[in-house]
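What follows is one structure encoded as structure tokens, with my remarks underneath.
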Amino acid sequence: SHSHIYIYTCIHASYSTCSDLFLLSTRNDDLKEMLESNKDSLKLDAMKRIIALIAKGKNASELFPAVVKNVASKNIELKKLVYVYLVRYAEEQQDLALLSISTFQRALKDPNQLIRASALRVLSSIRVPIIVPIMMLAIKEAASDMSPYVRKTSAHAIQKLYSLDPDQKEHLIEVIDKLLKDKSTLVAGSVVMAFEEVCPDRIDLIHKNYRKLCNLLVDVEEWGQVVIISMLTRYARTQFTSPWKEDGQFDENSETAFYESDEKKTKNGDENKSYVMDPDHRLLLRNTKPLLQSRNTAVVVSVAQLYWHLAPKHEVGVITKSLVRLLRSHRYTPTPLFTNILVLLSRQGMFEPYMKSFYVRSTDATHIKSLKLEILTSLANEANISTILREFQTYVKSQDKQFAAGTIQAIGRCATNISEVTDTCLQGLVLLLSNRDETVVAESVVVIKKLLQTQPTQHSDIIKHMAKLFDNIAVPMARASILWLMGEYCERVPQIAPDVLRKMAKSFTSEEDIVKLQTVNLAAKLYLTNSKQTKLLTQYILNLGKYDQNYDIRDRTRFIRQLIVPNEKSGALGKYARRILLAPKPAPVLESTYKDRDRYQLGTLSHTINTKASGYLELSDWPAVAPDQSVRNVEVIEVFYSDSGEEEKEKGSGSSSKSSSEAESDEEKSSSQSSEESDKSSSQSEKSSSESDSEQKTKKPQKKTVKDRYHTIMKYSTCTVAVKYVGTLVRFTILVLRVPVSLSLFSLCILTPCPLSCAALLLQVSGPAFVPEKSHDLLHRMTGKGLSAQYQFPRQPCLYQPTMVSVQISLTNTSDHPLEQIHIGDRSPTGLNMHCFNTIECLLPEASVTVSLGVDFNDSTQAANFQLCTKEDQFSVSIQPAVGELFLPVTMTEQDFHKEQGKLLGMNESSATITMAAENTISQPISRQVATVANLGVVPSGQDNIHRFAGKTASSGAVVLVTVELRGESTALITINTEKSVMGPMLLRDLKRALAQA
């Protein structure tokens, strides 16, 4: 019966195939008849059907003879479709295409520009070496065609001819040189692409066209812009000196330094030694900046890579908002955009304000999720690690197993990079060991193993906990990691490690190879450290491994036996068994896989795949001395401008070839003033250009020097860019969004992160339980030239602003003369929010005065640096707050305490068991010691052995809960719950120190 079914299936399949072939053959016959008819309407209908078949992926090559007969048709529409077909199949049907080559040559003289371009396209698609001279002649003629569309097609044909016959390179370079001088924006992108393919090393062809390409760039098609920007990036790296010098001067109108007089140069000789940007370098940066507003992702990325490789470091930040805009505007964000951002993250401070834009969405693909994880991990610092870890807690619960495992790896990297949250991350990963998902458990074990290697002496409890869970873990890599930990730190768990080895001896034969290898290692290490308990177990396991099916395990077993069990045959190696097996291992370095990608140019294929691709052109290093910049002072002036209107009249009909970009810029120049008045974000150079244009209208024409005319070109291009792009953007902002022009569009989307517990906003601040009298030196009298200053924290709510911490400063004049105008000067870090005291006009000798400051530390122990100034001197001082001084005590019931504590578990909880001093084991000393360390309020407790304290951070209002639970006579468990993952471990460290000492 089965054979009958098989035969029937084969017959049915062959019948259906034959029927399809029959239908296709019948359809082709119908089309052939229509193409051979005398009516153009039938031929046109047939060609439309054929093009439709090609668009659907059908093979229409059998119709080539019938189609090629109509190549000489007088019907323009029919001829266009025939050429479209021939471009597709000319390479496959070369012999038949050659028969019509005379027709293509005649079509190159056709009055219709589309026919001429199509004929050249078909001719260059015939890949036969015998017609290379014909193609060369056709390309040269098309390069001089009146139509920019035909000239564009000739630029495309150059690349095809070069791939067919590289020996034609020198002739093709001549054509490229001619087309590079073309003023049409339609040709620019195509000829630069031909330049990149044929002769990318001939930068001498670019010198005289550099400024023209910069000025035309804004009007070129989008893909042409990408090619030109890439080429100009490489060009700039060979022609300009590095702008990344420390003593560089970065003036938007730096071209004035190029044209200044000799007298001025001699007067300011010292200043001229420092770096001044080349005006052509500035021209490139200024003309590409408006393209950051492009709708095309590739254009924005191209401009971003140009700024990254060419711009001064303080100007690179302008690309940030444009890249973030692309993330928000596209539903499916391209992968190369993320890989570029990962490299840009090496410069601190660029993307931190837009961290929320990189949060993972449920609709993101897995590889996009992984890239966003990499970005979030790279953005992590002490200020935002709490928010990032809270986000990671959500990701771990994802149904995407690969993404969840990647999140756990990201937590491990955060723990190694930021030491303040290492303990918090470890505790959170230990909690994940109880997860039902094997993938999450396995990845947690692997990451915990790496973290424990950084500080193994402090985490023996975690190793014990992992040993207890060993029987429930089935993933081989996780089991192997636990066995490695047992063996590496077997001396710290002397009772547990032998028992784990006993269990492994029972299941050795059924384990995976990686687990067996680690079992043999564990047996060897225990044999060296605890041979009394494990000698027989080790011999048993070595015997099992001796006959294992895997040769790696057999070899490892024989090696271990000869190493640890000395006999007559074993050599001197056995003496070093302990040093070999128990040698201290360096802690692993958890690094991003995207660390070294900056060795490739951003935006290239090589950068995306992290491997050098064929055709990749490396960026050259900056020249130590800039080449002669006069090579670019050629022809551009005559092409764009004339000295007077008479010269323009003399050109006559030649003005018809004027490029569309020039015509548009002339029209827009008149409206540039009105648009620039509303554009407050445009550069100063753009404003000056519009003013200079208006002044020139009232003045009489004057004869211009070469330098003056070039200076005019620089201003002209700036004005055009400002009107065409920036002005348009400003009008869109006013009419559509109806927001002030000066307001950044992106700032509307950035939301301040809300505290995890909304109850923090409703908590009532109480008075301090204890105010320490200790004061700290702010300025010593010797350093301050008689002015002495000390500060202390009064632990009172700040009157100036609720988010500030109140600081009292005592100023004393220890000199023998009055000190005048004592005040606060410059502050750092930049943006530090501080309420300064009023200026003290005069402080007499031996007199003292106490003043108040308000400082917003932003929930960080980073010092507030500022200058304490007198009339004659300035002294740099700093206020370093302890973590406990950043809190405000709050009133809270025991029930509310438990409720808030339930919201702050996992990575928001830090705990430690300590041995307390005997004097601190009763209620009153505990409260006093805790209140000394931190400004927290006491929470009533119904249990004598548990003491609770509550507060909130001054800046963000995040809840801080402290629990001290007495266990036994001198042991206590300290637990801290807060969403501030950095502040929690720091407060725990201070409390441990305070309660442990008498």
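Looking at the structure I just gave you, is Lys449 basic (Lys, Arg), open to solvent by 10 Å² or more (accessible area, probe 1.4 Å) and either more than 34 Å from the chain's Cα centre (by Cα) or over 18 Å from Glu512 (Cβ atoms) (or both)?
no
Scan (1) assigned by the TED database to the domain that holds Ile560; (2) modelled with pLDDT under 85; (3) surrounded by fewer than 19 Cβ atoms within 10 Å (Cβ to Cβ) for the single condition Asp499 breaks and write down its number.
(2)
The rows are residues; the columns are (1) open to solvent by 40 Å² or more (accessible area, probe 1.4 Å); (2) within 30 Å of Leu966 (Cα to Cα); (3) of a type outside the set (Ser, Thr, Tyr).
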{"position": "Pro818", "(1), (2), (3)": "yes, no, yes"}
{"position": "Ile822", "(1), (2), (3)": "no, no, yes"}
{"position": "Ser852", "(1), (2), (3)": "yes, no, no"}
{"position": "Asp856", "(1), (2), (3)": "no, no, yes"}
{"position": "Pro881", "(1), (2), (3)": "no, yes, yes"}
{"position": "Met892", "(1), (2), (3)": "no, yes, yes"}
{"position": "Asn908", "(1), (2), (3)": "no, yes, yes"}
{"position": "Ala917", "(1), (2), (3)": "no, yes, yes"}
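Condition first: surrounded by 21 or more Cβ atoms within 10 Å (Cβ to Cβ), of a type outside the set (Gly, Ala, Ser) and closer than 18 Å to Trp244 by Cβ. Now tell me which residues in the stretch 309-336 satisfy that.
Hits for the stretch 309-336 are Leu310, Ile319.
What do you reckon, is His817 farther than 12 Å from Leu868 by Cβ, in the same structural domain as Phe866 (by the TED database) and either in a strand (DSSP E or B) or not hydroxyl-bearing (Ser, Thr, Tyr) (or both)?
Numbers: farther than 12 Å from Leu868 by Cβ: yes; in the same structural domain as Phe866 (by the TED database): yes; either in a strand (DSSP E or B) or not hydroxyl-bearing (Ser, Thr, Tyr) (or both): yes.
Considered against the rule, which asks whether it is farther than 12 Å from Leu868 by Cβ, in the same structural domain as Phe866 (by the TED database) and either in a strand (DSSP E or B) or not hydroxyl-bearing (Ser, Thr, Tyr) (or both), His817 comes out as yes.
Can you tell me which residue in the stretch 378-422 is surrounded by the most Cβ atoms within 10 Å (Cβ to Cβ), limited to those that are in contact with a Phe, Trp or Tyr (Cβ under 9 Å, 6 or more places away or on another chain) and of a type in the set (Gly, Ala, Ser)?
Ala410
Go through the residues of the stretch 448-466 one by one and say whether even a single one is of a type in the set (D, E, K, R), under 21 Å from Gln409 (Cβ atoms) and either part of a loop (DSSP other than H, G, I, E, B) or modelled with pLDDT under 85 (or both).
yes
Determine which single condition Gly831 fails, assuming it passes every other condition in (1) open to solvent by 20 Å² or more (accessible area, probe 1.4 Å); (2) modelled with pLDDT under 90; (3) in contact with a strand residue (DSSP E or B) (Cβ under 9 Å, 6 or more places away or on another chain).
That leaves (3) as the condition not met.
Given (1) modelled with pLDDT of 80 or more; (2) surrounded by fewer than 23 Cβ atoms within 10 Å (Cβ to Cβ), where does Cys425 come up short, assuming only one miss?
(2)
Tell me whether the stretch 132-144 contains one or more residues that are assigned by the TED database to the domain that holds Ala97, within 43 Å of the chain's Cα centre (by Cα), open to solvent by 40 Å² or more (accessible area, probe 1.4 Å) and of a type outside the set (Asp, Glu).
No; the residues of the stretch 132-144 include none that is assigned by the TED database to the domain that holds Ala97, within 43 Å of the chain's Cα centre (by Cα), open to solvent by 40 Å² or more (accessible area, probe 1.4 Å) and of a type outside the set (Asp, Glu).
Within the stretch 924-939, how many residues are surrounded by fewer than 20 Cβ atoms within 10 Å (Cβ to Cβ) and out of contact with any His (no Cβ under 9 Å at 6 or more places or on another chain)?
Qualifying residue count, the stretch 924-939: 4.
Can you give me the number of residues within the stretch 60-102 that are outside any loop (DSSP other than H, G, I, E, B), open to solvent by less than 50 Å² (accessible area, probe 1.4 Å) and not hydrophobic (A, V, I, L, M, F, W, C)?
Going through the stretch 60-102 one residue at a time, the tally reaches 6.
List every residue pair whose Cβ atoms lie under 6 Å apart, where the two residues are 6 or more positions apart in sequence or sit on different chains, the first residue falls within the stretch 873-888 and is assigned to a loop (DSSP other than H, G, I, E, B), and the second residue, located anywhere, is of a type in the set (A, V, I, L, M).
From the stretch 873-888, the pairs are Gln880/Ala863.
Being β-branched (Val, Ile, Thr), farther than 17 Å from Gln997 by Cβ and in contact with an Asp or Glu (Cβ under 8 Å, 6 or more places away or on another chain) is true for just one of Val933, Val938, Val959. Which residue is that?
Just a single option satisfies the conditions, and that option is Val959.
Need the failing condition index for Gly942 against (1) in a loop (DSSP other than H, G, I, E, B); (2) open to solvent by less than 20 Å² (accessible area, probe 1.4 Å); (3) not aromatic (Phe, Trp, Tyr), just the number.
(2)
The values are calculated or read from the model by the stated rules, or taken from the named source; none is laboratory data. Please read all numbers here as calculations on a predicted model, not as lab measurements. Positions of Cβ are generated from backbone atoms using ideal geometry, with glycine treated the same way; all protein chains shown enter the neighbour counts. Just the protein is used for accessible areas: all its heavy atoms, side chains included, with ligands, DNA and RNA removed. Shrake-Rupley method; radii C 1.70, N 1.55, O 1.52, S 1.80 Å.
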